[in-house]
Every structure is written in structure tokens, then in C-alpha cells.
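> This is the structure, below, for whatever I ask next.
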Amino acid sequence: MIPLSFAQRRLWFVHQLEGLSATYNIPLVLRLTGGLDDRALGAAVADVVGRHESLRTVFPAVDGVPEQRVLDMDGADFGWDVVDASGWPKDALDDAVARVTGYAFDLAAEIPFRARLFRVAADEHLLVLVMHHIASDGLSIPPFLRDVEQAYGARLAGQAPGWAPLPLRYTEHTLRQREALGSEDDPGSVLSRQLRFWDRTLSGYEGRLELPTDRPYPAVADHQGARIPVEWPASLQEQVRRVAREHRSTGFMVVSAALALLLSKLSGGPDVAFGVPTTGRRDADLAGLVGFFANTLVLRADVSERLTCGELLRQVRDRTLDASAHQDAPFDTLVDLVNPARSAAHHALVQVMLGWQNHITAELDLPGVRAETVPTSSRQARMDLTFALGERYTGSGEPAGIGGVVEYRTDVYDAATIETLVDRLRRVLSAMVADMDRPVASVDVLDDDERARLDELGRRSVLAEAAGGTSVPELFAARAARRPDAVALTFRDRSWTYRELDEASTRLARLLEGRGVAAGDAVALLLPRSAETVVAVLAVLKLGAMYVPVDVKHPDERVAFVLGDAAPKAVLTTAGLAHRVEGTGVPVVDVADPGLSGESAAALPFPDAERVAYIIYTSGTTGRPKGVAVSQASVTRLFTSTAPG
């Protein structure tokens, strides 16, 4: 019994979950123009299937354990047929090609490869090939086509191909891989050491990156997908290369840093992760072999707003190198290690992929025949988003830009949204490489039209208006001057007139002033609902300071957080609550301080109305609590706008 390779094992599990589907098909369509010998081509393709055992392997499960079973050529039916499609309408031909490329393989009973030739005209054919990913990967296409070329030439001459034996068979690679990595149960094995690294690296990661979508996620992903092209100019490519040189990085690392920054801004959090495919072909013996060797690494980034673009790139560089040094740990094992909440709505652990590679040319050179690749897609999407990008060069080796495609799920995204996303990534990348010293927080993902629209919705023009308004103490003083003996405040069985409230708050303000509180300082109010609270608020506002209300019912941890974040100059509280702030280092002022009676009640100058009146903290139920500042002018404008006419 030959076990599955680690790469095959992951796709076999996916196949068990999804059932028959074309999600992991690799299609290739070639237009062949000229004098093609279809019999020689059919024999050549069969020769290649016989040469590469991964193309004639089935994956049955024995007692629930899958194995590789390599078939002899007699049992390796790859569906070859020459179909006369001359005179067919284009739609009919396209549908027939799509049926081949979208074929759903039964991996337990069928070999993972099919080929068909459509004769469009006497001198024009379409060669349609499809391989399941469990048997092939992107780097398998060039050796496959090279072997077809050699076999076709031999068959034209009436001979079998005389190629040299492959240095390694795929089943031999599987056994060698397992022997080299060892067992998870052996703490000294290579696999165990790598898994310990990933356990540390992914600790605390929830395995879900929440990005805005056009539609809610369905209960079960349908894996239908589409692609849009990406074409960025050579000027941007040259800037990326320059930054990579200056920061001892690679173009992939620079683009990865830009993608991490974009994902952070779109998801609203600093902790982001995306998948990175690896070739898995570090052994030279694997270079000419058709098979599935790829693995997926997880690149996790901490996109803290305090970082500069250069610091983010250095972090991504270091983490990329560390991940590459531990690239043999199978992705499905990492999923088990992190154990995120499983869902049929999206891929586990990572939902975004970034592939970076030089352009792979799928060329077929047959005697007397011109071959060109016909753009095609399986119309499937394995991830929510897959960026397949790379640098392009001219024939003379000059930069020709960065290009590729973005594959996306059509059940949650529209094409226009993905086009906008690509524009945002380019904008972020351009901003980063233009100034690596700028803070990541200053990089904007919006374009000019979006900023203008946001300014309109937020009425940003108001900010350009001349500052003005009235402070709270000024409004209060005007009311107190008109009716000094009117009741201003009632609490339980006692009332205060405007004169009494004015004098009490002024004395408390003078006391705070003597303790070092000045305009612009923060003063925390740890007080119950009471008349003293009203006096304290007015006292702080008279100084031009800002008060920070702290709910006495909040736990000590919340109280300590607010005091630490707001950094108040003092805490106004009662003798019975003073113990709640012991050890914080913030001076405590008792609202019933005996020295209040000796303080002056002479009026204080009115503060600037644009001074902050108070800072109120959010609940923190969706993350770290945040303080929101409100000016005195905003408060008084609210009073006047809601006053009865």
C-alpha cells in the first residue's frame, strides 16, 4: 500500500467533503494550427500518461484509509477522442470545451486526467486537457508539454519515444517525504519541530479574516468563481524592485506587505493572515516530474498603526523567511493545530491567497504546427480571493510590469468590487514604495471620488467654517444672572439655587486649580448619581478642563483602563470610593474636601468654547474601548438646537 503524499491527502479530504466537483481542476486549452497528425498526438498523450504515474493513479480508501493505486496503461482511460467540430457555432464549441475542463473526477475510480481533441477545420484543432490538482500543479505543465513534444516527434516517425527514465517516481517521492519528515508523535522529528514553530506563530489567531462583501456568505459555498486580469505598469515594478533591494527583501515581500496593509484596513483589525503557495520542489529530482508537490504556508502580520511602511516590510520579510524555513508542515495539519471554527461557508484558516511567480509559459512545439494557449478557466474559486501575480519582462530582459489575475467567489463578490479591490491594492503599494518612512496609518485606500463622496456624507465642509459657539459656563452664567434665586438643581430632599450652584462649582474649580488642574487637562469623575456630580461637572468645565465620567458600577479593570488611557490630572470622588483608585498614581480630590469653604467664589474667566468638554468611552464589546471627545461648543449647540421655539 502506498499512502498519499501530504499534498494529496489535503485534496483527498476536500474531495470527501465536497463530493464530485471541478473545484480543483487544472484546465489547459491549446489551439493547434497546421498539419496535425491526430493519431500521433493521441499516441503521444498516452505515452506521457504512461511515463508519469500520477496521471494514472486512483485513490481508493481501504477501511477508511486512502492509498495511491497506480494503474497499468490498459486500465488508464483518459477519455481521448477526436471530435469533428467543423461547422459548429462558437457557443456549441465553447460548451463542449467547458464540459471537458469542468469534468468532475471520481478520484476513487477514475484517473485524474482527461484529454480531447476538437477538429475545428482541416488545419485547426483545439487540444483540451484537464488534470485534477491531486495529480498535478502549475509547474507540472511545462514538463508535461515537453514530453508530449518528444513523444509526438517519435510517433510521427513510427517509433516509441526514447526519453531517459525519470529520476524519481511520484510514489517514491511520497515514501521519501514521509521518511524525511517523520511522525508527529516523535518529538525529535522534522515534522514535530516545524509544527512547534507553527503552534507559536499562529497562537491566538482565530482563523477568520472578515472582509466586506457584496452579499452575505451562504451557508455552503458553491465554489463558483471568475477572474479579472491585473496589469500594473513597469514604473511600479521598478519601484517595487528598488524598495526590495534597499530593504534586503524581494518583490513578493513588498507586495505581501501592501496586501497585509490593505487587508488590515478592510477588515478593521491589525491581525491579518493569508495563504502563500509553495512549489514543494526543492529536490532537483522533482523538476521534470508531473505531480502535486505544492503546499500552503500561512503568512501572519501584525499591522499596528504605530508601524512605518518600512517597519511593516521588515516584519513581513522576517516572517516570510521563518515560514519558508518551516514549509514542509502540511497545511491540513496546521488547520488541525489552530482548530478554527469550521464552516462550509468559507475555507478554513485562510480565505485569501497570494501567489507570486515568474510567468509560466505553457508552450507546445510540434513539427509543422503552431500552438497557442486559449485563455480558459474552470469557473471555480477555491478561496474567497486568490491573487496570482508576478513580474513580467521583455524579450531583452527589461521590466514589463506586474501582471496576473485575481480569482474570486461569485457567490459573495461582484466583478466591479474586485476591480476596485485591485485598484486599492495598487494604490496602497504605490503609496508604500513612494515613502517607506510614512506611518501605515496614513496610507489611504480611498480614491478621490470616494473621498469626495465621504466628505459630502460627513458634511466635512462644516469643519472649514469659522470656529465659534458658546461655552457651558457662559450659558450657565447668563441664566444665573437672570434668575439667581431660581431653583437650579434638586436631588432627593434638597434643592440648590443658581447662585448656590454657581458658588459651589466655582469653589471646587478653585480647589482643583490649586491642585494643579489647568485648561486642557482631564479630570476623572468617579461619582454616583448625585448633586455632587453636577457640581463637579460644572467645576471642571469652568476651568476649561475636560471631565471623564467613570461609572462606579464598572469593575476595577475597566476603571483602571480608563484612567490609564485618559491620563487624568486628578480624580474627583468621595471618601467612600477613593479606595477604587488606589495604586493608580492619580491624585484624588474629595468632592467634600473641608478646604472648599475657604476657597474663593469669585467668577472665573469663561473658557474657549472649542475646548473639549468631556471624553466618554465606548463599551469595548467589539474590541478595545475607545474615548470619544466632545467640545463645549458642540454641547451648547445641541442645547440651542433642541430648545423649544
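The values are calculated or read from the model by the stated rules, or taken from the named source; none is laboratory data. Values in this document were obtained by computation on a predicted structure and should not be read as measured data. Quick reminder, even Gly has a Cβ in these numbers, built from the backbone with ideal geometry, and neighbours come from all protein chains shown. All accessible areas refer to the heavy atoms of the entire protein, side chains included, with ligands and DNA or RNA removed. Shrake-Rupley method; radii C 1.70, N 1.55, O 1.52, S 1.80 Å.
> For segment 114-122, check the following and say yes or no: at least one residue is among the aromatic types (Phe, Trp, Tyr), touching a residue at least 60 places away in the same chain (Cβ under 8 Å) and crowded, with 19+ Cβ neighbours inside 10 Å. Please lay out each step first, then the result.
First, pick out the residues of segment 114-122 that are among the aromatic types (Phe, Trp, Tyr): 118.
Now narrow it down to the ones that are touching a residue at least 60 places away in the same chain (Cβ under 8 Å): none.
No - not one qualifying residue is present in segment 114-122.
> Further question on the same structure: On the given criteria, is LEU211 open to solvent by 50 Å² or more (accessible area, probe 1.4 Å) and among the hydrophobic types (A, V, I, L, M, F, W, C)?
Working: open to solvent by 50 Å² or more (accessible area, probe 1.4 Å): no; among the hydrophobic types (A, V, I, L, M, F, W, C): yes.
No.
> Criterion first (in a helix (DSSP H, G or I) and either modelled with pLDDT of 95 or more or buried (at least 21 other Cβ atoms within 10 Å of the Cβ) (or both)) does GLN159 satisfy it?
On the way: in a helix (DSSP H, G or I): no; either modelled with pLDDT of 95 or more or buried (at least 21 other Cβ atoms within 10 Å of the Cβ) (or both): yes.
Here the answer is no, as GLN159 does not meet what is asked.
> VAL58 - would you say it is under 36 Å from the mean Cα position of the chain (by Cα), of a type in the set (A, V, I, L, M, F, W, C) and at pLDDT below 95?
Details: under 36 Å from the mean Cα position of the chain (by Cα): yes; of a type in the set (A, V, I, L, M, F, W, C): yes; at pLDDT below 95: no.
For VAL58, the condition - under 36 Å from the mean Cα position of the chain (by Cα), of a type in the set (A, V, I, L, M, F, W, C) and at pLDDT below 95 - is not met.
> Let me ask you something else. What tally of residues in segment 43-98 results from selecting those that are surrounded by fewer than 20 Cβ atoms within 10 Å (Cβ to Cβ), part of a helix (DSSP H, G or I) and in contact with a helix residue (DSSP H, G or I) (Cβ under 6 Å, 6 or more places away or on another chain)?
3
> Suppose we keep only residues that are more than 14 Å from ASP336 (Cβ to Cβ) and part of a loop (DSSP other than H, G, I, E, B) within segment 186-204. Which one would you say is least open to solvent (accessible area, probe 1.4 Å)?
So, considering only residues that are more than 14 Å from ASP336 (Cβ to Cβ) and part of a loop (DSSP other than H, G, I, E, B), the one least open to solvent (accessible area, probe 1.4 Å) is SER189.
> Scanning segment 493-508 for residues that are among the hydrophobic types (A, V, I, L, M, F, W, C) and under 58 Å from the mean Cα position of the chain (by Cα), which turns out surrounded by the fewest Cβ atoms within 10 Å (Cβ to Cβ)?
Restricting attention to segment 493-508, the residues satisfying the condition of being among the hydrophobic types (A, V, I, L, M, F, W, C) are 496, 501, 504, 508.
Next, only the ones that are under 58 Å from the mean Cα position of the chain (by Cα) stay: 501, 504, 508.
Values: LEU501: 20, ALA504: 22, LEU508: 24.
Among them, the one singled out is LEU501.
> Condition first: without any contact (Cβ under 8 Å) to a residue 60 or more places away in the chain and under 20 Å from LYS626 (Cβ atoms). Can you find one or more residues in segment 529-544 that meet it?
Scanning segment 529-544, I find no residue that is without any contact (Cβ under 8 Å) to a residue 60 or more places away in the chain and under 20 Å from LYS626 (Cβ atoms), so the answer is no.
> Would you call SER530 touching a Ser or Thr at 6+ places or on another chain (Cβ under 9 Å), under 25 Å from ARG558 (Cα atoms) and among the polar types (S, T, N, Q)? So that I can check it myself, show each step before the final result.
On the way: touching a Ser or Thr at 6+ places or on another chain (Cβ under 9 Å): yes; under 25 Å from ARG558 (Cα atoms): yes; among the polar types (S, T, N, Q): yes.
Spelling it out, SER530 is indeed touching a Ser or Thr at 6+ places or on another chain (Cβ under 9 Å), under 25 Å from ARG558 (Cα atoms) and among the polar types (S, T, N, Q).
> State whether one or more residues within segment 479-488 are assigned to a helix (DSSP H, G or I), more than 30 Å from MET253 (Cβ to Cβ) and open to solvent by less than 60 Å² (accessible area, probe 1.4 Å). Outline the logic, then answer.
Our first condition is that a residue be assigned to a helix (DSSP H, G or I); within segment 479-488, this holds for 479-482.
Okay, now just the ones that are also more than 30 Å from MET253 (Cβ to Cβ), so 479-482.
Checking which are open to solvent by less than 60 Å² (accessible area, probe 1.4 Å) leaves us with 480.
Among the residues of segment 479-488, at least one is assigned to a helix (DSSP H, G or I), more than 30 Å from MET253 (Cβ to Cβ) and open to solvent by less than 60 Å² (accessible area, probe 1.4 Å), which makes the answer yes.
> Let me ask you something else. Just checking, which of LEU263, LEU259 is buried (at least 19 other Cβ atoms within 10 Å of the Cβ), touching a residue at least 12 places away in the same chain (Cβ under 8 Å), out of contact with any helix residue (DSSP H, G or I) (no Cβ under 7 Å at 6 or more places or on another chain) and closer than 26 Å to ARG314 by Cβ?
Working: LEU259 fails: out of contact with any helix residue (DSSP H, G or I) (no Cβ under 7 Å at 6 or more places or on another chain).
From the options LEU263, LEU259, the qualifying one is LEU263.
> State which residue is nearest to the chain's Cα centre (by Cα) when the search covers only segment 271-289 and only residues that are of a type outside the set (D, E, K, R) and surrounded by fewer than 16 Cβ atoms within 10 Å (Cβ to Cβ).
The qualifying residue nearest to the chain's Cα centre (by Cα) is THR279.
> With under 21 Å from VAL290 (Cβ atoms) and surrounded by 20 or more Cβ atoms within 10 Å (Cβ to Cβ) as the only criterion, which of LEU11, LEU36 stands out? Walk me through how you get there before you give the answer.
On the way: LEU36 fails: under 21 Å from VAL290 (Cβ atoms).
Every option except LEU11 fails the conditions.
> A further question on this structure: Take the residues in segment 429-447 that are in contact (Cβ under 8 Å) with a residue 24 or more places away in the chain and either polar (S, T, N, Q) or part of a loop (DSSP other than H, G, I, E, B) (or both), then tell me which one is surrounded by the most Cβ atoms within 10 Å (Cβ to Cβ).
The qualifying residue surrounded by the most Cβ atoms within 10 Å (Cβ to Cβ) is VAL443.
> Here is a follow-up. With the structure loaded, tell me whether ARG208 is in contact (Cβ under 8 Å) with a residue 40 or more places away in the chain, outside any helix (DSSP H, G or I), more than 16 Å from ASP332 (Cα to Cα) and of a type in the set (Lys, Arg) or whether it fails that test. Lay out the reasoning, then the answer.
On the way: in contact (Cβ under 8 Å) with a residue 40 or more places away in the chain: yes; outside any helix (DSSP H, G or I): yes; more than 16 Å from ASP332 (Cα to Cα): no; of a type in the set (Lys, Arg): yes.
When the stated conditions are applied, ARG208 does not pass them.
> For segment 577-603, name all the residues that are over 15 Å from ALA524 (Cβ atoms) and touching a Leu at 6+ places or on another chain (Cβ under 7 Å).
Within segment 577-603, ASP593, GLY595, LEU596, GLU599 qualify.
> Moving on. Taking segment 162-172 only, how many residues are touching a strand residue (DSSP E or B) at 6+ places or on another chain (Cβ under 8 Å) and either over 18 Å from GLY280 (Cα atoms) or open to solvent by 10 Å² or more (accessible area, probe 1.4 Å) (or both)?
Here is the first cut: in segment 162-172, the ones touching a strand residue (DSSP E or B) at 6+ places or on another chain (Cβ under 8 Å) are 170-171.
Now restrict to residues that are either over 18 Å from GLY280 (Cα atoms) or open to solvent by 10 Å² or more (accessible area, probe 1.4 Å) (or both): 171.
Of the residues in segment 162-172, 1 are touching a strand residue (DSSP E or B) at 6+ places or on another chain (Cβ under 8 Å) and either over 18 Å from GLY280 (Cα atoms) or open to solvent by 10 Å² or more (accessible area, probe 1.4 Å) (or both).
> So VAL316 clears everything in (1) farther than 18 Å from THR201 by Cα; (2) touching a strand residue (DSSP E or B) at 6+ places or on another chain (Cβ under 7 Å); (3) of a type in the set (Val, Ile, Thr) except one condition, right? Which one?
So the condition that VAL316 fails would be (1).
> Could you please let me know if VAL45 is within 39 Å of the chain's Cα centre (by Cα) and at pLDDT 95 or above?
Criteria not met by VAL45.
> Going by the conditions given, is LEU457 closer than 30 Å to ARG424 by Cα and either free of Cβ contacts under 8 Å to residues at least 24 places away in the same chain or hydrophobic (A, V, I, L, M, F, W, C) (or both)?
Values: closer than 30 Å to ARG424 by Cα: yes; either free of Cβ contacts under 8 Å to residues at least 24 places away in the same chain or hydrophobic (A, V, I, L, M, F, W, C) (or both): yes.
Yes.
> Quickly run through segment 15-33 and pick out the residues that are crowded, with 18+ Cβ neighbours inside 10 Å and either assigned to a helix (DSSP H, G or I) or not polar (S, T, N, Q) (or both).
Once the filter is applied, which keeps residues that are crowded, with 18+ Cβ neighbours inside 10 Å and either assigned to a helix (DSSP H, G or I) or not polar (S, T, N, Q) (or both), segment 15-33 yields HIS15, ALA22, TYR24, ILE26, PRO27, LEU28, VAL29, LEU30, LEU32.
> Of the numbered conditions (1) open to solvent by less than 30 Å² (accessible area, probe 1.4 Å); (2) in contact with a Lys or Arg (Cβ under 7 Å, 6 or more places away or on another chain); (3) closer than 30 Å to ASN295 by Cβ, PHE6 fails exactly one; give the number of that condition.
Condition (2) is where PHE6 drops out.
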